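Nothing in this text is a laboratory measurement; each read-out follows from the coordinates by a stated rule. A quick note: this is a predicted structure, and the numbers were derived from the prediction, not measured. Here Cβ is always computed from backbone atoms with ideal geometry, including for glycine, and neighbour counts include all displayed protein chains.
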Amino acid sequence: KEVCYDRLGCFSDDSPWAGIIERPLKVLPWSPEEVNTRFLLYTNENPNNFQEIVADESTIASSNFKTNRKTRFVIHGFIDKGDENWLQSICKNLFSVESVNCICVDWKGGSHTGYTQATQNIRIVGAEVAYLVDVLKSSFEYSLSDVHIIGHSLGAHAAGEAGRRTNGAIGRITGLDPAEPCFEGTPELVRLDPSDAQFVDVIRTDAAPMIPNLGFGMSQVVGHLDFFPNGGKEMPGCKKNALSQIVDIDGIWEGTRDFVACNHLRSYKYYADSILNPDGFAGFPCASYSAFSENKCFPCPSEGCPQMGHYADRFPGKTKSEGQTFYLNTGDAGNFARWRYKVDVTLSGKRVTGHILVSLFGDKGNSKQYEIFNGTLKPDSTESNEFDSDVEVGVLQKVKFLWYNNVINPTLPKVGASKISVEANDGQVFDFCSQDTVREEVLLTLNPC
């Protein structure tokens, strides 16, 4: 069967759109009227109240749309809507760093339904976005290279469909945790893939399998650059609960959104934060997240590390190959940006058991104390560790060393650090030295050497 609509063309339920293993049900998308795709334009001139535009030359010309700016579309996912706060907060953050046409795409008419139907309705959304982009090109000579589509969940695949319909000429698509069910393992025609735009970057925050973990995001690599923050499955600050194990995917209701789908929603929160932290989300090339966690992937290679999120397009090697994967850690709430450092501590003084803590002091800020080692503290041995600071310290000026063991020792042993080296993710190394030793829980300051 197929349905045809003027402007948008025909939609069939042939394979691979339906009737394949990943999509057993033969379902057609709803009509454009039912899906009711709306384009809510925010710009630097109207950051708080949208102007609704349609794919029509005069409407666009009389709006605040400016042809000399980039255009970024933001598309929501399942059971979501275009006037939800998170879409506007991405726009607002953008206005603080650039002049831009920020278009929130609202398709709540097609997303507030069963999941299987919603996966078909995004074909209409993608077609509507492609149609609007074609009008921008034909009526305003607008360059498709200046179009960037940011899509969350099902919205990521809608972005892919818009890109496919414009023959991959769109400048960039960012997939924020592209939805897994009905897409994982399907042919490229159906889902987001690197041919959908000149550059495709993806953030994975819920890539655990759907069964039994209720992970909504895909685990297969679908972009040029794929980022797996915190390993891509369990985000810090998100706790899975008993309820999330029993909710049927077609029965997710509004109130449980943050409750059940916390991991899945983290991806757009990271993106919003990345706009304001141009160097706070460095992704490290690595074989796996466990290798990254075992400190095997630091510092960045000579070509540097890409930034997850908004500034991923600044990475020189961004399109040299598809499926480049990167790992990083983020914070657990509020500001998610983190800066990774490697610290080597060469010990002096007495041999005791205990913990070593180091804090960094730089021209941009000071870090908390981070534990570098616990165990037997042996003079002249060097212990090293990596940590993710919530402060970018900048050029290091000094470091402070502390040890403790909570063991009562009448001899009051003293321990010191003869040398501490700190490496930033760009490979820059700062060395600090001290001849002194200190008792337990007394701070020792080391200066450059």
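For a label point 7 angstrom out from the Cα of residue 411 toward its Cβ, which stretches of segment 317-357 have the backbone nitrogen within less than 19 Å? Backbone N within reach: 347-355. Compared with the dominant principal axis of the Cα atoms in the chain, helix 154-165 is inclined by about 60°. In the chain, the longest principal axis of the Cα atoms and the axis of helix 257-276 are about 80 degrees apart.
Residue order for 384, 89, 274, 111, fewest other beta carbons within 10 angstrom first, comes to 384, 89, 274, 111.
Using Cα atoms only, what is the angle between the long axis of helix 85-95 and the major principal axis of the chain, expressed in degrees (0 to 90) to the nearest 10? Helix 85-95 and the main axis of the chain meet at about 70 degrees. Look at 235, 308 and count the other Cβ atoms within 10 Å of each Cβ; fewest to most, that gives 235, 308.
So which trypsin sites (Lys or Arg not before Pro) in segment 350-449 are both in a DSSP loop and have at most 11 other Cβ atoms within 10 Å of their Cβ?
The qualifying sites are 364.
A cut-off under 12 angstrom between Cβ atoms defines the neighbours of residue 225, and their net charge, with Lys, Arg +1 and Asp, Glu -1, is +1. Its Cα centre serving as origin, segment 392-449 has a Cβ charge dipole (Lys and Arg +1, Asp and Glu -1) of approximately 260 debye. Spacing of the modelled spin labels on residue 59 and residue 98, each 7 Å from Cα toward Cβ, amounts to 2.5 nm. If you take all other residues with their beta carbon under 9 Å from the beta carbon of residue 267, and give Lys and Arg +1 and Asp and Glu -1, the sum is +1. Projecting the Cα positions of 321, 200, 399 onto the charge dipole of the chain (unit charges on Cβ atoms of Lys, Arg, Asp and Glu, taken about the Cα centre) puts 399 furthest along the positive direction. Put simply, the C-alpha atoms of segment 340-448 give a gyration tensor, and the ellipsoid matching it has half-axes of 24, 13, 12 Å, longest first.
Within the set of other residues whose C-beta is less than 9 Å from the C-beta of residue 82, count the net charge using Lys and Arg as +1 and Asp and Glu as -1.
With Lys, Arg at +1 and Asp, Glu at -1, the net is -1.
Out of the DSSP beta bridges found with both residues in segment 2-328, what percent are antiparallel (nearest 5)? Walk me through the numbers before you get to the answer.
Numbers: 17 of 46 bridges.
Taking every DSSP beta bridge within segment 2-328, about 35 percent pair in antiparallel fashion.
For segment 319-422, GluC sites (Glu not before Pro) are listed when DSSP marks them as loop and at most 15 other Cβ atoms sit within 10 Å of their Cβ; the list is 322. Only Cα sites of the chain enter the Debye sum here, all with the same form factor; the resulting log10 I(q)/I(0) across q = 0.12, 0.13, 0.14 1/Å is -0.97, -1.08, -1.21, listed in q order.
Using a Cα distance threshold of under 28 Å, what count of lysine pairs results for segment 289-363 when pairs must be 8 or more residues apart or interchain?
5
Just report the Cα centroid separation between segment 125-195 and segment 1-36, whole Å. Spelled out, the Cα-based centre of one part sits 17 Å from the other.
Run through every distinct alpha carbon pair of segment 314-356 and return the Kirkwood hydrodynamic radius in angstroms, one decimal place. Kirkwood hydrodynamic radius for segment 314-356: 15.5 Å.
Dividing the mean sequence gap of close Cα pairs (under 8 Å, 6+ apart) by how many residues the chain holds gives a relative contact order of 10 percent. Of the residues 50, 232, 377, the one whose Cα sits farthest towards the positive end of the charge dipole of the chain is 377 (charges of +1 on Lys and Arg Cβ, -1 on Asp and Glu Cβ, taken about the Cα centre). Extension gain, residue 141-residue 303: 0.36 nm per intervening residue step, less the Cα-Cα distance, totals 54.8 nm.
Scaling against 2.2 N^0.38 Å puts the C-alpha radius of gyration of segment 1-159 at 1.05. Taking the fewest neighbouring Cβ atoms within 10 Å as the starting point, the ordered list for 7, 164 is 7, 164.
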